[in-house]
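Participant: Input: one structure, supplied below.
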Amino acid sequence: MKNSSNILVIGGTGKTGRKVAQELQKRGQKVRIGGRNSNPAFDWSKPDTWAEALEGMDKVYIVFYPDLAVPGALQAITKLTEMAKEAGVQKAVLLSGKGEQEAERCEQVVAQSGMDYTLVRASWFSQNFSESFLMEPILAGYVALPMPDAKIPFVDTGDIAEVVVEALINDAHNGQTYELTGPRAITFRAAVREIEAATGKSIVYRAVSLEDYKASMEAAGLPDDYVWLIDYLFREVLSVPANQDVTRDVERVLGRPATDFTAYAQKTAASGIWGETVPQSV
Ligand SMILES: NC(=O)c1ccc[n+]([C@@H]2O[C@H](COP(=O)([O-])OP(=O)(O)OC[C@H]3O[C@@H](n4cnc5c(N)ncnc54)[C@H](OP(=O)(O)O)[C@@H]3O)[C@@H](O)[C@H]2O)c1
């Protein structure tokens, strides 16, 4: 395949897609962002936007939103891959969730699409604490979460993006499934302690039951499908012991160890996104 490809990065303004798009551009690839405000626009809820976004593309990074486990995801991935193949796209890299059975059905669709493919199954992102639903509790200094005993091998989105870029550019990754985790699994309490240490701020952690957590989301007026998904991600993904395993796939692909949660917390604190850091007394 030629050195420079036309690559559609769906979710190219999101947590992994943004970094994937930047790195691809640095490497001389021609990137088209697939998002609701892009030109042409790509919207998962409007299949009539997909053909124009796929036109002229050689490869595609598929980030489904909100999650491959939600009803309708399988149909959407089936239709998108059919359309991509028809449009002449030769390779697809799919972002999937480690430990989600529904996501594995979508992976199979990509694997059987007739295009070259790489499947990238990621553990919970570290960046959920700084770019997603765990940001607000961190800023509020009060984090109440269920599953206190679960150990989560949080993975850095920078590592995911680097693996995805390698997979998109290098045909040696065709047909591979990578399971990406950080280098160690930690509890929510430990993660909050790390962020406390990095910011110098006091953040209270409290363990709550999944039922109470769900009830608090409902009481806050969050939409039913959002509550369902967050509940699913805690219940299905974090309660399975195998999902707490640390893998070495980041190192296998990138030739360097995965980014540790401490490094993520320090870098994020230094960016100022969690507010001004408080100097530690020695
Ligand atoms: N977060 C995790 O811990 C985790 C772990 C494993 C796997 N994943 C997977 O990562 C994927 C992304 O999840 P995320 O929560 O981390 O989100 P994210 O990357 O922050 O995604 C948000 C992006 O989705 C785009 N988007 C939203 N609605 C869209 C729509 N209707 N059509 C097209 N694009 C839309 C937004 O782009 P515009 O606003 O520009 O449209 C935004 O760039 C999911 O498939 C999830 O299963 C997440």
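Participant: Can you find a residue that is more than 11 Å from the ligand (Cβ to nearest atom) and touching a Gly at 6+ places or on another chain (Cβ under 7 Å) anywhere in region 94-116?
Facilitator: Within region 94-116, none of the residues are more than 11 Å from the ligand (Cβ to nearest atom) and touching a Gly at 6+ places or on another chain (Cβ under 7 Å).
Condition check ((1) under 23 Å from D116 (Cβ atoms); (2) near the ligand (Cβ under 9 Å from one of its atoms); (3) not in a helix (DSSP H, G or I)) across all residues:
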| position | (1), (2), (3) |
| --- | --- |
| I7 | yes, no, yes |
| G12 | yes, yes, yes |
| V20 | yes, no, no |
| R36 | no, yes, yes |
| P40 | no, no, yes |
| D43 | no, yes, yes |
| L68 | yes, yes, yes |
| L80 | yes, no, no |
| M83 | yes, no, no |
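Participant: Does I195 satisfy the criteria of being within 15 Å of the ligand (Cβ to nearest atom), modelled with pLDDT of 95 or more and not in a strand (DSSP E or B)?
Facilitator: No.
Participant: What are the residues in region 85-132 that are open to solvent by 10 Å² or more (accessible area, probe 1.4 Å), outside any loop (DSSP other than H, G, I, E, B) and basic (K, R), if any?
Facilitator: Hits for region 85-132 are K85, R105, R121.
Participant: What is the residue count in region 35-48 for residues that are of a type in the set (S, T, Y) and either over 12 Å from L8 (Cα atoms) or exposed (fewer than 13 other Cβ atoms within 10 Å of the Cβ) (or both)?
Facilitator: 1
Participant: Considering only region 128-146, state which residues are within 14 Å of the ligand (Cβ to nearest atom) and hydrophobic (A, V, I, L, M, F, W, C).
Facilitator: F129, F133, L134, M135, L145
Participant: Would you point out which residue out of A92, A103, A69, A76 is within 30 Å of D245 (Cβ to Cβ), of a type in the set (A, V, I, L, M, F, W, C) and in contact (Cβ under 8 Å) with a residue 60 or more places away in the chain?
Facilitator: On inspection, the qualifying residue turns out to be A69.
Participant: Restricting attention to region 242-272, which residues are of a type in the set (G, A, S) and part of a helix (DSSP H, G or I)?
Facilitator: A242, A263, A265, A269, A270, S271
Participant: For residues that are surrounded by 15 or more Cβ atoms within 10 Å (Cβ to Cβ) and within 20 Å of P183 (Cα to Cα), scanning just region 134-155, find the one that is nearest to the chain's Cα centre (by Cα).
Facilitator: Among those residues, the one meeting the criterion is V155.
Participant: Within region 45-66, track down each residue that is assigned to a helix (DSSP H, G or I) and either away from the ligand (no atom under 13 Å from the Cβ) or not small (G, A, S) (or both).
Facilitator: P47, D48, T49, W50, A51, E52, L54
Participant: Could you check, for region 243-254, whether at least one of its residues is among the charged types (D, E, K, R), more than 17 Å from the chain's Cα centre (by Cα) and buried (at least 16 other Cβ atoms within 10 Å of the Cβ)?
Facilitator: No - not one qualifying residue is present in region 243-254.
Participant: Further, regarding this structure: Within region 159-192, take every residue that is among the hydrophobic types (A, V, I, L, M, F, W, C), in a helix (DSSP H, G or I) and open to solvent by 10 Å² or more (accessible area, probe 1.4 Å) and give me the one that is nearest to S126 (Cα to Cα).
Facilitator: A190
Participant: Still on this model: Keeping to region 24-34, report how many residues are in a helix (DSSP H, G or I) and either among the hydroxyl-bearing types (S, T, Y) or open to solvent by 50 Å² or more (accessible area, probe 1.4 Å) (or both).
Facilitator: The total comes to 2.
The values are calculated or read from the model by the stated rules, or taken from the named source; none is laboratory data. Quick caveat, the model's predicted, so the values are computed rather than measured. Here the Cβ is made from the backbone with ideal geometry for all residues, glycine too, and neighbour counts use every protein chain on show. For accessibility, only protein heavy atoms count, side chains too; no ligands or nucleic acids. Shrake-Rupley method; radii C 1.70, N 1.55, O 1.52, S 1.80 Å.
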